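Every read-out reported here was derived from the displayed coordinates using simple, explicitly stated rules and does not represent laboratory data. These numbers come from a predicted model, not from an experiment.
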Amino acid sequence: MECPICTSDLQDEGAWGYLALHQSGEVLGRVYRCPNHEGFETEELANEFLKRTERTMEDLGVSNWEEITCDSSIHSVSGSFYTDKQDNLHDGYPC
C-alpha cells in the first residue's frame, strides 16, 4: 500500500476490528503508517517530495531537509491510515 501524499510504501501495523476475546474476532481492515511522518531518511527523498508537491523549504517554513515531513504528519494520529472491508484507504486511525 502506498502513501497517497508522498508515495512511499506504508508500514503495515496490523489488523483492526472486533478482535478482543469478548468480540466477534472480525477483521475490518488494516492500519498503516507513513514512514515519513517524522521526516525523510535522506535529503534525496525529501527533495523528491518537495518537487512532487511543487513546494520549497521556505513554503514549509523549514531551514533544512531534516525538518521536512510528509503531510500525513498533520493527522491527529500522526502518519496513520487505515483500510475498510473494501480495502479503501482512509486518513487517520480507525475509532
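Observations on the model:
- Compared with the dominant principal axis of the Cα atoms in the chain, helix 43-53 is inclined by about 80°.
- Within the chain, helix-based [θ] at 222 nm, where runs of 4 or more DSSP H residues each add -39,500 (n - 2.57), nearest 500: -4000 deg cm²/dmol
- Structure-derived Cα Rg over 2.2 N^0.38 Å - corresponding label in (i) 1.76; (ii) 1.12; (iii) 1.25: (iii)
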